[in-house]
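*Asks:* One structure, pasted below without further comment.
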Amino acid sequence: MLRKAVRVGLPTGRVLRKTPNGALRTLIVPSAASKPSGLVPARLSRSSTAPTFTPLHRAMSAHAGESTLRPEPDKVLQDIADYVHNYTIDSELAFETARLCLIDTIGCGLEALRFPDCTKLLGPVVEGTIVPNGTRVPGTNYQLDPIRGAFNIGAAIRWLDFNDCFLAAEWGHPSDNLGAILAVADHLSRQGQPLAVRDILEAMIKAHEIQGSLALLNSFNKVGLDHVVLVKVASTAVVSKLLGLSRDQTVDAVSQAWVDGQSLRTYRHAPNTGPRKSWAAGDACSRAVNLALLVKKGEKGLPSVLSAKTWGFYDVLFKGKPFEFQIPYGSYIMENVLFKISYPAEFHAQTAVEAAHIIHAKLKELGKTSDDIKSVRIRTQEAAKRIIDKQGPLDNFADRDHAINYMVAYPLIFGELTSESYTDVAAADPRIDALRAKIYCVEDQRFSVEYHDPAKRSIGNALLVELNDGTVLDEVEVEYPVGHKRRRAEGTPLLINKFKRHIAHHFDEAHQQKILDTVSDAASLSKLPVHEFTDLFVKA
């Protein structure tokens, strides 16, 4: 009679068993490699070491594993690659808007360099490193590899939340992609490739379109993902073409962007709001460049990265829902992009800040101040309620420029809102938190609907102020910010003035004029080699 087996380290498939008299007996048990697939021994007979199998085990052997056949790439990947490689941009409005966007975005990056919290993150990984033919970072003397250059440029652009915006089911800042585009184009231009500013503008239009089109109907924030995933995808696509990748390689590169680890929105929301939201887009830009370069060296793609059951993006991160699209790729997003012109404030609050300035002037006219305010009601859109309606202490710069009650309180008190308004020094004034406590938000359904209407894309806010003496001021409603397409004629001169302010901190008057003359001549600018354009902004 056989009793318990004792393993003593013999080769695979051999088991020693003790017999009743204490003698050892060797049994041969087939290994997995020697048995039919899926068959498991049911028992060992007393008279033989050969296994027997039950009908259940035979039925199990018919089960199939995962198919190893690689499918055709997801249509979303192919559509992006086809657009990047084959679509011709023929909209002069798009190119002119892109020129304004390029000017504004460079200026926003320069303005950020006045803030040490930004500059401490910039430069090479190893101090003093200079890369031959490397990317130049505007406003500095850094000369970096394009991956690190993309982080530097992208972080500076985004730091102050003052660059352009597009709002839909998902929101974001399409000019964030310039971090990757400019870094790669400048590096290639310095190597002798014939790239001009026109190529940058075309890449910007296409990156805007990819990011914005994905944002129109697909809410990444509602599943907890940050919108910089779209920066990474759009940047990967357009820099792939700049780097000379084929259409199929661009498909592979974009698939790598989707499978890459995606950022959570945690750093944009209380109680975890912090500076990472200011460099997250720079990180996305650098990852995009790195992924495109890896594919250029032969890295394979993942054809069903979005649609694969269980393991794909849709099932893992998007609650099983495939992406929806409202319009085909063209130039709609660039033509309808929103410029932040007047205030460095999260865009859902731009019209609220404008209304607050109007009310500040009205209080002054009445001989009143913010101390006379009893309450402030903000009628706003659902998106603003969800992401920037905050109560309680605000811990840092990043917290304050994403809190609508702070962004309204400050101009009601001081009649201005600038980048300095969010610093710890500015926020220390006790009147700010005292007034914040009197401000509350309510959703206006009409604002929410027209926010998503492709014919309007409004970002409405309305302020109703009641004073301590019972007086209720006329409500001030602003539906479209000055940076909206509907106010483009009004906004363009103000945008140029914003750029002038931003370059004034870095260059003498003669060089400022050289920059202004260059960027104002659209025809000449479009033909200017990329490295000559970036050299305009280099600091000695």
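*Asks:* Considering only region 430-461, state which residues are within 22 Å of SER375 (Cα to Cα) and of a type in the set (A, V, I, L, M).
*Replies:* ILE432, ALA434, LEU435, ALA437, ILE439, VAL442
*Asks:* Related question: Among the residues of region 488-533 satisfying the criterion of being open to solvent by less than 40 Å² (accessible area, probe 1.4 Å) and in a loop (DSSP other than H, G, I, E, B), which is farthest from ALA180 (Cα to Cα)?
*Replies:* Among those residues, the one meeting the criterion is PHE507.
*Asks:* Let me ask you something else. Can you name every residue in region 320-347 that is at pLDDT below 95 and open to solvent by 60 Å² or more (accessible area, probe 1.4 Å)?
*Replies:* Once the filter is applied, which keeps residues that are at pLDDT below 95 and open to solvent by 60 Å² or more (accessible area, probe 1.4 Å), region 320-347 yields only GLN326.
*Asks:* Same structure, new question: Please determine, by comparing only the residues of region 370-391 that are assigned to a strand (DSSP E or B) and either closer than 13 Å to VAL408 by Cβ or in contact with a Phe, Trp or Tyr (Cβ under 6 Å, 6 or more places away or on another chain) (or both), which one is most open to solvent (accessible area, probe 1.4 Å).
*Replies:* Here is the first cut: in region 370-391, the residues assigned to a strand (DSSP E or B) are 373-380.
Narrowing further to those that are either closer than 13 Å to VAL408 by Cβ or in contact with a Phe, Trp or Tyr (Cβ under 6 Å, 6 or more places away or on another chain) (or both): 373, 375-380.
On the way: ILE373: 0, SER375: 28, VAL376: 0, ARG377: 65, ILE378: 0, ARG379: 37, THR380: 0 Å².
The qualifying residue most open to solvent (accessible area, probe 1.4 Å) is ARG377.
*Asks:* When you go through LEU291, LEU230 one by one, which is the residue that is part of a helix (DSSP H, G or I), within 14 Å of the chain's Cα centre (by Cα) and touching a residue at least 24 places away in the same chain (Cβ under 8 Å)?
*Replies:* When all the criteria are applied, what remains is LEU230.
*Asks:* Report whether or not ASP82 is at pLDDT 95 or above, open to solvent by 30 Å² or more (accessible area, probe 1.4 Å) and not in a loop (DSSP other than H, G, I, E, B). Spell out the reasoning first.
*Replies:* On the way: at pLDDT 95 or above: yes; open to solvent by 30 Å² or more (accessible area, probe 1.4 Å): yes; not in a loop (DSSP other than H, G, I, E, B): yes.
So ASP82 fits the description; yes.
*Asks:* In addition: Let me spell it out: the conditions are (1) outside any loop (DSSP other than H, G, I, E, B); (2) open to solvent by less than 10 Å² (accessible area, probe 1.4 Å); (3) at pLDDT below 95, and ILE459 meets all of them except one. Which number is the exception?
*Replies:* Of (1) outside any loop (DSSP other than H, G, I, E, B); (2) open to solvent by less than 10 Å² (accessible area, probe 1.4 Å); (3) at pLDDT below 95, only one is false for ILE459: (1).
*Asks:* May I pose another question? What number goes with the only condition from (1) surrounded by 15 or more Cβ atoms within 10 Å (Cβ to Cβ); (2) modelled with pLDDT of 55 or more; (3) among the basic types (Lys, Arg); (4) over 30 Å from TYR422 (Cβ atoms) that ARG114 does not pass?
*Replies:* All conditions are met except number (4).
*Asks:* From ASN133, ASN141, ASN152, ASN163, grab the single residue that is in a loop (DSSP other than H, G, I, E, B) and open to solvent by less than 10 Å² (accessible area, probe 1.4 Å).
*Replies:* Details: ASN133 fails: open to solvent by less than 10 Å² (accessible area, probe 1.4 Å); ASN141 fails: open to solvent by less than 10 Å² (accessible area, probe 1.4 Å); ASN152 fails: in a loop (DSSP other than H, G, I, E, B).
Sole residue among the options that is in a loop (DSSP other than H, G, I, E, B) and open to solvent by less than 10 Å² (accessible area, probe 1.4 Å): ASN163.
*Asks:* Being open to solvent by 30 Å² or more (accessible area, probe 1.4 Å) and more than 22 Å from SER235 (Cα to Cα) is the filter here; which residues of region 291-319 pass it?
*Replies:* LYS309, THR310, TRP311, ASP315, VAL316, LYS319
*Asks:* Which residue out of PRO194, PRO174, PRO124, PRO146 is surrounded by 22 or more Cβ atoms within 10 Å (Cβ to Cβ) and over 15 Å from the mean Cα position of the chain (by Cα)? Quick ask: steps written out before the conclusion?
*Replies:* Working: PRO194 fails: surrounded by 22 or more Cβ atoms within 10 Å (Cβ to Cβ); PRO174 fails: over 15 Å from the mean Cα position of the chain (by Cα); PRO124 fails: surrounded by 22 or more Cβ atoms within 10 Å (Cβ to Cβ).
Criteria check complete, one pass: PRO146.
*Asks:* With the requirement that a residue be surrounded by fewer than 21 Cβ atoms within 10 Å (Cβ to Cβ) and either at positive phi or of a type in the set (Lys, Arg) (or both), what does region 270-290 give you?
*Replies:* Answer for region 270-290, where residues must be surrounded by fewer than 21 Cβ atoms within 10 Å (Cβ to Cβ) and either at positive phi or of a type in the set (Lys, Arg) (or both): just ARG276.
*Asks:* If you take the residues in region 462-484 that are of a type in the set (Asp, Glu) and part of a loop (DSSP other than H, G, I, E, B), which one is surrounded by the most Cβ atoms within 10 Å (Cβ to Cβ)? Before you say what the answer is, go through the steps one by one.
*Replies:* Start the filter on region 462-484 by keeping residues that are of a type in the set (Asp, Glu), which leaves 466, 469, 474-475, 477, 479.
Those left that are additionally part of a loop (DSSP other than H, G, I, E, B): 469, 474-475, 479.
Working: ASP469: 8, ASP474: 10, GLU475: 13, GLU479: 17.
My answer is GLU479.
*Asks:* Could you say which residue among ASP248, ASP252 is in a helix (DSSP H, G or I), surrounded by fewer than 24 Cβ atoms within 10 Å (Cβ to Cβ) and either charged (D, E, K, R) or in contact (Cβ under 8 Å) with a residue 40 or more places away in the chain (or both)?
*Replies:* Numbers: ASP252 fails: surrounded by fewer than 24 Cβ atoms within 10 Å (Cβ to Cβ).
Only one candidate passes the filter, namely ASP248.
*Asks:* A further question follows. Take the conditions open to solvent by 70 Å² or more (accessible area, probe 1.4 Å) and modelled with pLDDT under 95 and apply them to GLU66. Does it pass?
*Replies:* Details: open to solvent by 70 Å² or more (accessible area, probe 1.4 Å): yes; modelled with pLDDT under 95: yes.
Answer is yes for this residue.
*Asks:* Continuing with the same structure: Look through VAL519, VAL530 and report the one residue that is in contact with a strand residue (DSSP E or B) (Cβ under 9 Å, 6 or more places away or on another chain) and over 21 Å from MET407 (Cβ atoms).
*Replies:* On the way: VAL519 fails: in contact with a strand residue (DSSP E or B) (Cβ under 9 Å, 6 or more places away or on another chain).
Only one candidate passes the filter, namely VAL530.
The values are calculated or read from the model by the stated rules, or taken from the named source; none is laboratory data. Predicted model only: the values in this text are computed from it and were never measured. Methodologically, a virtual Cβ is constructed for each residue, glycine included, from the backbone with ideal geometry; neighbour enumeration extends over all protein chains shown. Protein only, heavy atoms only, side chains kept; ligands, DNA and RNA dropped before computing areas. Shrake-Rupley method; radii C 1.70, N 1.55, O 1.52, S 1.80 Å.
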